[in-house]
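Q: Structure provided below as structure tokens; questions to follow.
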Amino acid sequence: MYSKAVVEVSKLNKCYHIYETPRDRLLQMLARGRRQYFREFWALRDVSFSIGSGETIGIVGRNGSGKSTLLQMICGTLNPTSGDIFTQGRIAALLELGSGFNPEFTGRENVFMNAAVLGLSRAETEARFAEIEAFAEIGDFIDQPVKTYSSGMMVRLAFAVAINVDAQILIVDEALAVGDEVFQRKCYGRIGALKERGVTILFVSHSASAVIEFCDRALLIDSGELLLDDTPKRVISAYQRLIYAPDDKREILRATLRAPHEKEITEPQSEVLPATPVAESVTGIENEFFDPHLKPSSTEAYESHGAFIEAPQIQTLDGRSVNCLIRGRSYLYCYRVRFERSASRVRFGMVIKNLSGYELGGAASACADEAIVHVGAGEILDVSFRFDCSLNPGTYFLNAGVTGATGEQEIFLHRLLDACLFKVLPDPRDNATGAIYFNCAGSHAPAKAPHTTTTP
């Protein structure tokens, strides 16, 4: 449990007035409310939530959904149309790229200016400057005008300042997406350290794995509405279904998510193909490695676009259905795909996830250049992926998907999340840790005396 709230948002609304021409803006001023010459655009509508001290919150949503508007109002750089925001503690934020930087000032000057805005004295900033400069790793550019910086250099400096001002609340709005891979890993490592220290973090990202890995809770915002406030796995699942839903089904899904009593996110029964998460043993013989009660309750079927995935299951190499696996053995992940419409550039995929929904690995049946050129309507294909079980004991999920093109655009023709649930059985002699087995072997021996040389 987290202690008292450090961020509280209550019935927050933000409305923009959109004028078609400058003339309309002038007429609105002269009309003095007697007539309206603008149309309203609601960037946020009736948003309420609270965040406890030390909590890490992920915020997800499509571009233009209102995420950045919400963060700007929490930071105080944008005023709401109505509603209340309460924050407690110093806030450090990475919002739009370069926000808060004067392009004519050098990096050094901007560091001192930003730190001063956040409440640090010059002496405090000088004491931390060496650490800020070292983390940013921009070399001599620290004394060059910021307008000469690349986007990556700018975010390096901004992040280095944000993590060194002893903020109680850190807000990161997709800024890390422009950094290189090495710097991103460095930033995520520091975010993890700040989380351990009890810093409250608001984290906006389109990366499902990052939200699931780092966040305690997640918010789904769409068209200015807070549709879901739940666990990261559940929110990411809803978000992915929302972005892949066709336009005529999206409002139905939004209405389902809005309902406070809905805990499971499901489509209307007529739209969902009944999936068989784990098939019964194909041999009909007792199978000690098949548990008939081990079935996922979280299976979700995406909207079909001309194909259906059926009977996903794990098999041994000789065709026995199993869901209790032994590390080190090889298995087949199998499913059948029925095509109701023709499709081109067809590929199949699988993903293995842990209990929290973090993707551990997966594969596609072929690279883009080697996809199946054409599959006709009415065809049925059996798909299988051979894999070696390199997982440590625990419980895991499998996804299944088929992609293809019904026109120019490549899309998911069908997708099942949490299609299969399986266990990797424990070994009493096991000393491995984590999720992945790397076949590590430890050893020890008495320390050798240091080698010394003598000169004649």
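Q: In debye to the nearest 20, how big a dipole does the range 5-258 give about its Cα centre with +1 on each Lys and Arg Cβ and -1 on each Asp and Glu Cβ?
A: Using Cβ point charges on Lys, Arg, Asp and Glu, the range 5-258 gives about 940 debye.
Q: Turning to a different aspect of this structure: Please check which bits of the range 414-436 a label hung off ILE326 would reach, taking the label as a point 7 Å along Cα-to-C-beta and the cut-off as backbone N under 14 Å.
A: Only 424-429 fall inside the zone, counting backbone N under 14 Å.
Q: Give the calculated FRET efficiency between GLN168 and THR406 to the nearest 0.05, with a Förster radius of 56 Å applied to their Cβ-Cβ distance.
A: For R0 = 56 Å, the calculated efficiency reads 0.65.
Q: Within a Cβ distance under 9 Å of LEU381, other residues only, what is the Lys/Arg minus Asp/Glu net charge?
A: 0
Q: Moving on to the next point. Within the range 384-398, name every residue whose backbone N is under 13 Å away from a label modeled 7 Å from Cα of ALA363 along the Cβ vector.
A: Inside the label zone: 384-390.
Q: Another question about this same structure. Filter LYS147/LYS186; LYS233/LYS295; LYS4/LYS295; LYS67/LYS249 down to the pairs with a C-alpha to C-alpha distance above 27 Å, please.
A: LYS4/LYS295
Q: Starting with the fewest neighbours, write out ASP24, ASP318, ASP388 ranked by other beta-carbon atoms found within 10 Å of each beta-carbon.
A: Ranked by crowding around the Cβ, least crowded first: ASP318, ASP388, ASP24.
Q: Over the chain, what is the mean sequence separation of C-alpha contacts under 8 Å (at least six apart), divided by residue count, expressed as relative contact order in percent?
A: Result for the chain is 12 percent.
Q: Between ALA130 and LEU355, what is the spin-label point distance in nm, taking each point 7 Å from the Cα along the Cα→C-beta axis?
A: Distance between label points: 4.5 nm.
Q: For the ranges 339-350, 102-113, 243-254, what's the packing order if you count other beta-carbon atoms within 10 Å of each residue, average per peptide, and put the highest first?
A: 339-350, 102-113, 243-254
Q: What nm distance separates the two modelled labels at SER50 and TYR244, each placed 7 Å from Cα along Cα→Cβ?
A: The two pseudo-label positions are separated by 3.6 nm.
Q: Give, rounded to the nearest 20 debye, the magnitude of the charge dipole that the chain has about its Cα centre when Lys and Arg contribute +1 at Cβ and Asp and Glu contribute -1 at Cβ.
A: That gives a dipole near 760 debye.
Q: Okay, helix-only estimate at 222 nm for the chain: each DSSP H run of n ≥ 4 adds -39500 (n - 2.57), divide by all residues, round to 500 deg cm²/dmol; what do you get?
A: Helix-only estimate at 222 nm: -7000 deg cm²/dmol.
Q: Can you run phi through the Karplus equation (6.51, -1.76, 1.60; θ = phi - 60°) for the range 103-116 and list ³J(HN,Hα) in whole Hz, with x for Gly and Pro?
A: Whole-Hz 3J(HN,Hα) from phi for the range 103-116: x, 7, 7, 6, x, 4, 5, 5, 4, 5, 5, 5, 4, 5.
Q: If you don't mind, there's one more thing I want to ask. Go through VAL117, TYR239, SER50 and say which Cα lies farthest out towards the positive end of the charge dipole of the chain; charges sit on Cβ, +1 for Lys and Arg, -1 for Asp and Glu.
A: Checking the options against the dipole of the chain, the answer is VAL117.
Q: With r defined as the distance between the Cβ atoms of ARG338 and CYS15 and R0 fixed at 56 Å, what FRET efficiency is calculated, to the nearest 0.05?
A: After rounding to 0.05, the efficiency reads 0.75.
Q: Moving on. Please give the FRET efficiency for ILE252 paired with ASP143, using the beta carbon to beta carbon distance and R0 = 56 Å, rounded to the nearest 0.05.
A: 0.50
Q: Among VAL60, PHE214, PHE101, flag the residue with its Cα farthest along the positive direction of the charge dipole of the range 5-258, charges on Cβ as +1 for Lys/Arg and -1 for Asp/Glu.
A: VAL60
Q: So, one more: Rounded to a whole number of µm²/s, how large is the Stokes-Einstein D of the chain at 37 °C and 0.692 mPa s, given Rh as the Kirkwood radius over C-alpha pairs?
A: Result for D is 127 µm²/s.
Q: Going by how many other Cβ atoms sit within 10 Å of their own, how do THR406, THR21, THR56 line up, fewest first?
A: Fewest-to-most Cβ neighbours within 10 Å comes out as THR21, THR406, THR56.
Q: So who's got an amide H within less than 5 Å of the one on ASP222, skipping anything under 5 residues away but keeping other chains? H placed 1.01 Å off N, in plane.
A: For ASP222, the qualifying residues are LEU227.
Q: Another question, then. What does the net charge come to around SER48 if you take all other residues with beta carbon closer than 14 Å to its beta carbon, with K and R at +1 and D and E at -1?
A: Net charge around SER48: -1.
Q: Between the range 51-69 and the range 333-387, what is the C-alpha centre distance in whole Å?
A: 33 Å
Q: Under 15 Å from the Cβ of LEU120, count the other residues' Cβ atoms, weight Lys and Arg +1, Asp and Glu -1, and hand me the total.
A: Taking every other residue near LEU120 into account, the sum is -1.
Q: Counting other beta carbons within 10 Å of each Cβ, put ILE142, ILE171, ILE372 in order, fewest first.
A: ILE372, ILE142, ILE171
Q: In whole Hz, with x marking every Gly and Pro, tabulate ³J(HN,Hα) for the range 84-94 from phi via Karplus 6.51 cos²θ - 1.76 cosθ + 1.60, θ = phi - 60°.
A: 10, 10, 10, 10, 10, x, 6, 10, 10, 9, 10
Q: For the residue pair SER151 and ALA441, what label-to-label distance in nm results when each label sits 7 Å from Cα along the Cα-to-beta-carbon direction?
A: 4.9 nm
Q: Specify whether the C-alpha gyration tensor of the range 5-258 places it in the rounded, prolate or oblate class, a ≥ b ≥ c being the square roots of the eigenvalues: rounded for a/c under 1.5, otherwise prolate if a/b is larger than b/c and oblate if not.
A: Because a/c hits 1.5 or more and a/b fails to exceed b/c, the range 5-258 counts as oblate.
Q: Oh, and also: Could you tell me the relative contact order of the range 8-113? Use alpha-carbon pairs under 8 Å, at least six residues apart, and round to a whole percent.
A: The normalised contact order for the range 8-113 reaches 34 percent.
Q: Additional query: Nothing charged except the Cβ atoms of Lys and Arg (+1) and of Asp and Glu (-1): what's the magnitude of the dipole of the range 300-424 about its Cα centre? Round to the nearest 20 debye.
A: Around 460 debye, computed over the range 300-424.
Q: LEU202's amide H: which non-local residues (gap 5+, or another chain) put their own amide H closer than 5 Å, with H modeled 1.01 Å from N in plane and none for Pro or chain starts?
A: ILE57, LEU170, ILE171, VAL172
Q: Would you mind checking which residues have amide H under 5 Å from LYS295's amide H? H placed 1.01 Å from N; only 5 or more apart, or other chain.
A: Those lying under 5 Å, H to H, from LYS295: there are none.
Where a number appears in this text, it was derived from the coordinates with a stated rule and is not lab data. The shown structure was predicted, so the numbers you read here are calculated from the model rather than taken from an experiment. FYI the Cβ positions are ideal-geometry reconstructions off the backbone, even for glycines, and counts take in every protein chain you see.
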